[in-house]
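Readers should treat all values here as calculations from the given coordinates under stated rules, not as data from a laboratory. Quick caveat: nothing in here was measured; it's all calculated off a predicted structure. With ideal geometry, Cβ positions are generated from the backbone for all residues, glycine too; neighbour counts draw on all protein chains shown.
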Amino acid sequence: MTIQYHDHVLDAAALDQLFREARTYNGWLKKDVSDEQIEAIWELMKMAPTSANMQPVRIVWVKSAEAKAKLAALASEGNKAKIEAAPVTAIIGYDIDFHEELPWLFPHTDARSWFEGDEKGREQAAFRNGSLQGAYLILAARALGLDCGPMSGFDNAGVDKAFFADEPRHRSNFICSVGYGDPASIFGRSPRPDFGKFNTVI
Ligand SMILES: Cc1cc2nc3c(=O)[nH]c(=O)nc-3n(C[C@H](O)[C@H](O)[C@H](O)COP(=O)(O)O)c2cc1C
């Protein structure tokens with residue numbers, strides 16, 4: 001019998017958990033996120049697609065009080081407490097020299113040569129695919145029963161200097177707190193556009 005995998009729609013509870021009921025959290029319950037949970041997020045998100053399997057995301061999981069204070073100091077006023085109170089905040093960065101890893105990540109062909117000498121193209125590809133991977137991180141965390149609080153209000157250059165000092169080819173994209181969200185910390189849901197507003201089928 002041929003199994004029609006594409007007919008396997010997730011049940012309503014799963015869709016609620018991933019999308020419909022999931023919210024962006026600003027405050028956090030005092031409940032730890034273990035290193036095993038962080039690794040479990042990676043084990044899921046790494047399976048989602050990137051161009052030529054380039055996997056340009058580079059993540060620093062900021063967990064210690066000292067590291068959180070360092071990150072919070074580089075965040076906008078409104079975001080400082082959201083970092084300090086969270087069990088962990090991921091710095092979602094990307095590697096503009098991701099192509100050096102392509103010989104093993106995409107062994108079917110010489111994809112490294114497509115990017116060699118084209119730093120502008122690499123930067124664009126790394127940002128595009130690294131952003132996708134940041135979104136996959138959010139959905140993987142939600143799938144594992146965790147909540148997220150993504151933020152772009154911080155000093156990117158400062159974060160690069162403070163957290164990617166040993167990796168000068170890595171750039172921060174956005175940051176994302178992960179934990180168990182405090183329901184009291186969310187705003188009313190902002191409107192979402194109907195299909196016809198921003199979609200066209202031709
Ligand atoms: C990339 C990104 C950057 C964001 N930056 C900030 C931020 O700096 N500070 C903040 O309070 N919220 C930030 N947000 C949160 C958004 O405002 C929030 O996810 C959006 O309004 C949807 O909220 P909801 O998931 O509760 O519906 C950011 C979200 C994303 C995805």
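Is it the case, given these coordinates, that ALA22 is within 16 Å of the ligand (Cβ to nearest atom) and crowded, with 20+ Cβ neighbours inside 10 Å? Taking the combined requirement at face value, the residue does not satisfy it. Inspection of the stretch 66-83 identifies at least one residue that is over 30 Å from TRP114 (Cβ atoms), buried (at least 19 other Cβ atoms within 10 Å of the Cβ) and under 16 Å from the mean Cα position of the chain (by Cα). Here TYR94 fulfils each of the conditions (1) among the hydroxyl-bearing types (Ser, Thr, Tyr); (2) under 13 Å from the mean Cα position of the chain (by Cα); (3) closer than 20 Å to ASN26 by Cα apart from (3).
Of the residues screened, ASP95 is not one that is out of contact with any Lys or Arg (no Cβ under 8 Å at 6 or more places or on another chain) and of a type outside the set (Ser, Thr, Tyr).
For the stretch 45-60, a tally of residues being assigned to a loop (DSSP other than H, G, I, E, B) and buried (at least 16 other Cβ atoms within 10 Å of the Cβ) returns 4.
Is there a residue in the stretch 106-128 that is in contact with a Cys (Cβ under 7 Å, 6 or more places away or on another chain), in contact (Cβ under 8 Å) with a residue 40 or more places away in the chain and within 25 Å of ALA48 (Cα to Cα)? Looking for residues that are in contact with a Cys (Cβ under 7 Å, 6 or more places away or on another chain), in contact (Cβ under 8 Å) with a residue 40 or more places away in the chain and within 25 Å of ALA48 (Cα to Cα), one finds none in the stretch 106-128, hence no. Go through the residues of the stretch 145-152 one by one and say whether even a single one is small (Gly, Ala, Ser) and farther than 30 Å from LYS63 by Cβ. There is no residue in the stretch 145-152 that is small (Gly, Ala, Ser) and farther than 30 Å from LYS63 by Cβ. From the list LYS63, LYS30, the lone residue that is free of Cβ contacts under 8 Å to residues at least 60 places away in the same chain and surrounded by 11 or more Cβ atoms within 10 Å (Cβ to Cβ) is LYS63. Of all residues in the stretch 152-180, exactly one satisfies the criterion of being assigned to a strand (DSSP E or B) and surrounded by fewer than 20 Cβ atoms within 10 Å (Cβ to Cβ), namely PHE174. In the stretch 111-151, the residue that is nearest to LEU29 (Cα to Cα) out of those that are charged (D, E, K, R), within 16 Å of the ligand (Cβ to nearest atom) and in a helix (DSSP H, G or I) is ARG142. Being out of contact with any Pro (no Cβ under 8 Å at 6 or more places or on another chain) and basic (Lys, Arg), is that true of even one residue in the stretch 74-81? Checked the stretch 74-81: at least one residue is out of contact with any Pro (no Cβ under 8 Å at 6 or more places or on another chain) and basic (Lys, Arg).
Scanning for something within 28 Å of SER34 (Cα to Cα), within 16 Å of the ligand (Cβ to nearest atom), over 22 Å from the mean Cα position of the chain (by Cα) and of a type in the set (Gly, Ala, Ser), does the stretch 179-186 turn up at least one residue? Yes, because at least one residue in the stretch 179-186 is within 28 Å of SER34 (Cα to Cα), within 16 Å of the ligand (Cβ to nearest atom), over 22 Å from the mean Cα position of the chain (by Cα) and of a type in the set (Gly, Ala, Ser).
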